[in-house]
Amino acid sequence: MTIKIDLEQGELSEQADISQPFLPAEEKPESKKSFSERRTSNGGSTATVFLSTFIVVLGSLEFGYCVGFSSPVQSAMIKDLDLTTSQFSTFGSLLTIGAMIGAILSGRTADFLGRKGDAWLLDIGRLLTGYGAGLTSYTVPVYIAEITPKNLRGGLTTTNQLSITIGILIAYLLGMLVEWRLLAIIGIIPCILLVSGLFFIPESPRWLAKVGHDKEFEEALQALRGKDCDVSDEAAEIREFVEELGNLPRAKILDLFRMKYMHSVVVGVGLMLFQQFGGINAVMFYASEIFKDAGFSSSNIASVAVAALQVPMTAIGALLMDKSGRRPLLMVSAGGMSLGCSLVGLSFYIQSHESDTSIVVTILALGGLLGYIATFSLGMGGIPWIIMSEIFPINMKGIAGSLVTLVCWFGSWVITVTFNFLLAWSTAGSFFIFAGVSASAVLFVAYLLPETKGLTLEEIQSSFESFFTRRTLNANTNDFLQEER
């Protein structure tokens, strides 16, 4: 007989040195099961995770509402305020300028505070809403990624993009029913709900571990996994990773360009550039005018149809995220966007070179735009934000998140402020350019983006850090073998 200390029960027990236990093994107590075991046996406790996600994506809903605001009210605002096209383009672009300011501060702000914060007056208001959008566009997906277990992370993080699409749809629908001043006031409601809800959800456990709030870290993790769940293994993994990062010097912007982080930076920045230079915000900001130019008698209804399509397609993407993986969805999405833009470009090309082709132009324009929006919503809309929230280690997440979000909003600003001028130059040419950008995104994803489905954040970040190192080592080994031959 041997004596064994039962670490879980804190008791001494005797065990015979034979293959079968003397007494039948008791079923593991429910309170001592790991999160994955409990999820398998009784569905797990994810109520707090879902509640927290629902509250923080109210910020994304407001973001989408701001994006969708300008499209249905463009004609009315130009008429009421006697604005020129250039002035309205400036007004539309101020959202992205404010977002760039918010993006610059978002990473450090989130690291410091946590993850859960007349024509001139018109422009100032637009700028401030953009600033808020810049902050939430970083903090919301990062917060969701840090509180969710790996088997739910992809789908729940996609609710960020789903909420944006719902916000756009609400703005489009209300824009057809109320005048633009009331539409702006209604936008306050999600903000009030968000601020109120933040008092009822836990902080990110990984952030609490990073800043040394050990007791609060355990309480937050326990609240997110359920009071009867054994979180010791997950807590130990997070602590170990945070301790390793704590031994590193304070992160600086130049550290992002070290070899170990280069792959993450290239992927994060690249995906945001492809997302924005694919033209999505230009299409959403000026959807009504695009349909009007394509010959639609009711351009607002067509715009609502486009916005309504985003919601179910984003939901489908969320359901597929943790089944098919990130890479296949991104490649299908970018390929579909390229095809959709090509059809829209072709419709405007035919319109400018042929006469009496209204039906053909209408079918191509509507089919192309609907296809473009549907496939964008399936992957390129939400997955770049998910990837951004997964690939950077917590010591670099603030700086890297600010950089990636800034690049995203800078790209959006460039496209938004120049889109009307691009249309004046060549409507068909503008959409052919967007088609080429989206086609290039397929190759980018195929070559540079590894699959992150089913991995913990720590596993993902380790694999990204070694990507270029492995490639460099393999290249050097091949060169050496060739020289030996």
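Which of the residues belonging to region 80-99 are modelled with pLDDT of 75 or more and open to solvent by less than 20 Å² (accessible area, probe 1.4 Å)?
Within region 80-99, Phe88, Phe91, Leu95, Gly98 qualify.
For region 47-68, which residues satisfy the criterion of being in contact with a Lys or Arg (Cβ under 9 Å, 6 or more places away or on another chain) and not β-branched (Val, Ile, Thr)?
Selection gives Ser52, Cys66.
Would a scan of region 393-403 turn up a residue that is assigned to a helix (DSSP H, G or I) and at pLDDT 85 or above?
yes
Report whether or not Leu194 is aliphatic (A, V, I, L, M) and open to solvent by 30 Å² or more (accessible area, probe 1.4 Å).
Yes: the conditions hold for Leu194.
Would a scan of region 298-310 turn up a residue that is touching an Asp or Glu at 6+ places or on another chain (Cβ under 8 Å) and open to solvent by less than 40 Å² (accessible area, probe 1.4 Å)?
yes
Which of the following residues is open to solvent by less than 20 Å² (accessible area, probe 1.4 Å) and at pLDDT 85 or above: Ala220, Ala236?
Ala220
Among (1) closer than 22 Å to Met388 by Cα; (2) at pLDDT below 85; (3) surrounded by 22 or more Cβ atoms within 10 Å (Cβ to Cβ), there is one condition Lys323 misses while meeting the rest; what is its number?
Just one mismatch for Lys323, condition (3).
What are the residues in region 326-355 that are open to solvent by less than 30 Å² (accessible area, probe 1.4 Å) and at pLDDT below 90, if any?
Once the filter is applied, which keeps residues that are open to solvent by less than 30 Å² (accessible area, probe 1.4 Å) and at pLDDT below 90, region 326-355 yields Arg326, Val344, Gly345, Ser347, Phe348.
Kindly evaluate Met272 against the criterion of being at pLDDT 85 or above and touching a Ser or Thr at 6+ places or on another chain (Cβ under 9 Å).
Yes: the conditions hold for Met272.
Could we say that Asp214 is charged (D, E, K, R), surrounded by 17 or more Cβ atoms within 10 Å (Cβ to Cβ) and over 23 Å from the mean Cα position of the chain (by Cα) here?
no
Please identify the pairs in which a residue from region 409-435 that is closer than 13 Å to Phe274 by Cα has its Cβ atom under 7 Å from the Cβ atom of a residue that is among the aromatic types (Phe, Trp, Tyr) and open to solvent by 40 Å² or more (accessible area, probe 1.4 Å), counting only partners at least 6 apart or on another chain.
Sorted first by the residue in region 409-435, then by its partner, the pairs are Gly411/Phe277; Ile415/Phe277.
Quick check: anything in region 48-61 touching a Pro at 6+ places or on another chain (Cβ under 6 Å) and open to solvent by less than 30 Å² (accessible area, probe 1.4 Å)?
yes
Hey, any hits in region 240-249 for a residue that's modelled with pLDDT of 80 or more, small (Gly, Ala, Ser) and assigned to a helix (DSSP H, G or I)?
Taking every residue of region 240-249 in turn, none turns out to be modelled with pLDDT of 80 or more, small (Gly, Ala, Ser) and assigned to a helix (DSSP H, G or I).
The values are calculated or read from the model by the stated rules, or taken from the named source; none is laboratory data. Not measured: the values here are computed from a predicted model. When we count neighbours, we look across all protein chains shown, and the Cβ atoms used for this are built from the backbone with ideal geometry, even at glycine. Ligands, DNA and RNA are excluded from the accessible area calculation, which covers all protein heavy atoms including side chains. Shrake-Rupley method; radii C 1.70, N 1.55, O 1.52, S 1.80 Å.
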